[in-house]
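Encoded as structure tokens, the structure appears first; notes follow it.
The values are calculated or read from the model by the stated rules, or taken from the named source; none is laboratory data. Model, not experiment: these values are computed from the prediction. Cβ coordinates were reconstructed from backbone atoms using ideal geometry, including for glycine residues, and neighbour counts include every protein chain displayed.
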Amino acid sequence: MGFMESLSISASGMTAERLRMDVIANNIANASTTRTANGGPFRRQQVVYSSGGSSFGDMLASQMGNNTATLHGVSVQGIVPDSSPFKQVYDPGHPDANAQGYVSMPNIDTVTEMVDMMGAQRAYEADVAATQAIKSIAQQAISIGKA
């Protein structure tokens, strides 16, 4: 695996985790939105990842000298709505309450979102650490070449 491939893999991870943090922040911001442009309450969104073509077998073959495998990191397949049911809260005075007095609230649990945010932040930090390690190795290789 070359220097630039390593940086590309770390960069793809950072990009994916940044998008995940943006989606989580959007979920938290809309945790009490009962009416959207579509007419219903806000539905929680999730990021779907896929590998960029690098399986364990591809990586092993690459390291064994069979350079037919290409490593691409992670990519985002899309942002999909969570299909879990909405929370029903009894509030007959709410403008969006139904005939029985219940309001459909978004299917967002703020604690779950914060835990997901911390996980995304830690994954981003790991990608930054990997990038820093690659940078340090490259600087050491340059200094060895100068000597």
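Worth pointing out:
- Of all residues in segment 102-120, those satisfying the criterion of being touching a helix residue (DSSP H, G or I) at 6+ places or on another chain (Cβ under 7 Å) and assigned to a helix (DSSP H, G or I) are T110, E113, D116, M117, A120.
- Checked against the criterion of being part of a loop (DSSP other than H, G, I, E, B), at pLDDT below 90 and either surrounded by fewer than 13 Cβ atoms within 10 Å (Cβ to Cβ) or in contact with a Lys or Arg (Cβ under 8 Å, 6 or more places away or on another chain) (or both), segment 123-146 has no qualifying residue.
- Single unsatisfied condition, A99 versus (1) at pLDDT below 95; (2) part of a helix (DSSP H, G or I): (2)
- Any hit, segment 16-32, residues being within 30 Å of S136 (Cα to Cα) and free of Cβ contacts under 8 Å to residues at least 40 places away in the same chain: yes
- Counting only strands (runs of 3 or more DSSP E) that fall entirely inside segment 27-92 and contain at least 1 residues that are modelled with pLDDT of 90 or more and closer than 27 Å to A16 by Cα, the qualifying elements are 45-51, 74-81.
- For segment 93-125, the candidate set comprises residues that are in contact (Cβ under 8 Å) with a residue 24 or more places away in the chain and small (G, A, S); within that set, the residue that is farthest from E17 (Cα to Cα) is S104.
- Taking the listed residues G39, G2, the one that is loosely packed, with under 12 Cβ neighbours inside 10 Å, under 27 Å from S84 (Cβ atoms), without any contact (Cβ under 8 Å) to a residue 40 or more places away in the chain and over 11 Å from the mean Cα position of the chain (by Cα) is G39, with no other qualifying.
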